[in-house]
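As structure tokens, the structure follows; a few thoughts come after it.
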Amino acid sequence: MQRLLLALALLTAPLFLTSCKSAPKAPAVTAPKLGIRPYGDETVKIDLSKVGPDEKKAFDYIDQHIDEHVENLQHWIQQPSISNSGEGIPESAEMVKGFFDKLGCQETRVYDVGISKWGLMSNPVVYAHCDEGAPKTLLIYWMYDTMPVTQPNIWVAPAFEGRLVDGKTAGIDPAFKKVLIGRGAVNSKGPEMTELNALMAIKAANGKLPVNLIFVAEGDEERMSMGLNKFVTTHPELLKKADALLMFGGQNGARPASIMGASEGLMYIELTTSGEAWGRGPTVSDIHGIFKRSVDSPAWRHIKMLSSLIGDDGNTPAIKGFNENQQPISPDAEARLREAAKKTDLKKMADVIGVARFISDDPYTVLKMSSFGTAFNFDGIWGGNMYAGGSGAILPNKIVSKHSIRYVPNMSSADLLKKIRAHLDSHGYKDVQVKLIGDQPWSTMDFDTDVAHSVEAMFDKFSIPWNPPLSKTNTMAADDTQGGGAWPGYLFTNGKQGDPGTTPLGLEIAGGSAGYGGRAHAANEYWVIEGAGKVYGMAGAEKSIVDELYNYAAMPAKPKPAP
């Protein structure tokens, strides 16, 4: 009873006091500052003697607003956007449109592009046009989708929180004092928000951008860019004003940077073994596992089939003629690969992607594999009892496995499909179904362009070591720790590409910037916020984008080549 009276007294006391005298206003609650240091522990410096006054104004704005810029990235990370499941995709598309609205683009729209050429429903493409009255127009390519979180128990922070941790906690170099952990941190919300922050800083500091911009942001990059294929091929008029395309990028902690732009080929297939097609084992549904004593197993048949596709080393495709038509690398590219290998730290490369070691311990061999090699991967398998740690006897009637196949000039997905079908047929697996999920053909590009030179000039001003392109067909991305890269360059390139049914836009392409991240598609994906040593943090990365835009704007405008 005494506790009840005391509680009532405490509750009514403020009411009594307010009847005699007005209560003082509570102080406004403000969010605590993140306290981001724009220069972190960097030893690398920008040569400001080569930077113009407008750039310097934008640089100052970035330093003064870096906390806000990091919060922008955190908010985006907190919005899931998983294309394979559809989680958060509509909300993410609208969020990206809001980014472009805030930038001041006169035209912004979310396009629902419908059924893709592969028969699957596409995710929306976000389009924007920002007319700054400038002589040149850059097309900015984005992706807003991410991979799912498959192993949440081994993340050091929730994947959609956007938490800041130190390098040691993130499992990387402890010299980095602030690192953002989250799905999409490096692939690709971190680099893209870095771009957007840079653009906003230019407009805030100087009133307008030095170039006009067109944005295309797709929600299907992790699904073979099927929606973007539909958008670009049905709305080319929206992109015809572009003079060049600028990709997002990042620094490399293990070796010199390089210019992004070309792409390897990437196709996905599903292989299905079923009792119905085989004529043995369960034919209608899964059955009780007790019957395995007397009934054939489609699951074991599937495993035997898969083992026929790959050599004993687990790396070399056993499919006859798999690497036929593969274009050999040039002597010049060979020489430069060997030179690049001398500057490559395989241990750092392995640490960044979270592997014990590479197939080879020779840097040259690893770089050659990463830039010009092919692969037949085993991405996943499902069927039967899918409950980890659980029991329950099941004899599955159907098993499906998914495989990504990476191929290079002058190979083709159609030819590879024929060879896979022929291999299965000749090995007694005519009943196994092969389904093409999607294809992203390879593309080459011309690296001797204004937009590429704009990136190279930035590398020099920012004291970032970089390697010249190995060849017009090399697929190396700026983040070579991730190996070769696939992106829908075949829709935009000014070089050759591997889809005879597509006419690309014929644009100059380049990508690359300061900034650093890693573990794409893996647990504890990260983007470095405060730099250290020769690696810039987020503020430096934003400044590199500012510099690239001004570098490109300063080059004389050229007439567009005929399609």
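A few points about this structure:
- Using θ = phi - 60° and Karplus 6.51 cos²θ - 1.76 cosθ + 1.60, couplings along the range 533-544 (whole Hz; Gly, Pro as x): x, 9, 10, 6, x, 5, 5, x, 5, 5, 5, 5
- 3J(HN,Hα) along the range 444-455: 10, 7, 8, 8, 8, 9, 4, 5, 5, 5, 5, 5 Hz, from the Karplus curve 6.51 cos²θ - 1.76 cosθ + 1.60 with θ = phi - 60°, whole Hz, x for Gly and Pro.
- Helical mean residue ellipticity (222 nm; -39500 (n - 2.57) per DSSP H run of 4+; nearest 500) of the chain: -10000 deg cm²/dmol
- The 1.4 Å probe gives accessible areas that order HIS423, HIS288, HIS65, largest first, as HIS288, HIS65, HIS423.
- Derived scalar couplings between HN and Hα for the range 547-552 equal 5, 4, 5, 5, 4, 5 Hz in order, rounded to whole Hz, by the Karplus curve 6.51 cos²θ - 1.76 cosθ + 1.60 (θ = phi - 60°), x for Gly and Pro.
- Within the accessible area of the range 99-220 (1.4 Å probe), percent carbon and sulfur: 52 percent
- Amide H contacts for ILE287 (H built 1.01 Å from N in the peptide plane; partners 5 or more residues away or on another chain; cut-off under 5 Å): LEU395, ASN397.
- Given a 1.4 Å probe and the protein chains as shown, THR444 ends up with an accessible area of around 10 Å².
- Exposure of LYS343 as accessible area (Å², to 10), given a probe of 1.4 Å and all protein chains: 110 Å²
- Between the residues GLY88, GLN64, HIS75, the greatest Cα displacement towards the positive end of the dipole of the range 26-97, with unit charges on the Cβ of Lys, Arg, Asp and Glu, is found for GLN64.
- In the chain, a dipole from Cβ-located charges (positive for Lys and Arg, negative for Asp and Glu) runs towards its positive end, and of ILE437, SER463, LEU271 it is LEU271 whose Cα lies farthest in that direction.
- Accessible area (Å², 1.4 Å probe, nearest 10) - GLU87: 90 Å²
- Applying 1/(1 + (r/R0)^6) with R0 = 60 Å to the Cβ-Cβ distance of ILE310 and HIS75 gives a FRET efficiency near 0.90.
- As a ratio to 2.2 N^0.38 Å, the alpha-carbon radius of gyration for the chain is 1.09.
- For the range 190-261: rounded, prolate or oblate by the Cα gyration tensor [a/c cutoff 1.5]: oblate
- Both radii were evaluated on the Cα set of the range 35-95; the Rg over Rh quotient, with Rh as the Kirkwood radius, amounts to 1.17.
- Per residue, the chain exposes 45 Å² of solvent-accessible protein surface, assessed with a 1.4 angstrom probe and all protein chains in place.
- Normalised by the number of residues in the chain, the mean separation of alpha-carbon contacts (under 8 Å, six or more apart) gives a relative contact order of 23 percent.
The values are calculated or read from the model by the stated rules, or taken from the named source; none is laboratory data. Quantities reported herein were computed from a predicted structural model and do not represent experimental measurements. In this analysis, Cβ positions are derived from the backbone assuming ideal geometry, glycine residues included, and neighbour counts consider all displayed protein chains. For accessibility, only protein heavy atoms count, side chains too; no ligands or nucleic acids. Shrake-Rupley method; radii C 1.70, N 1.55, O 1.52, S 1.80 Å.
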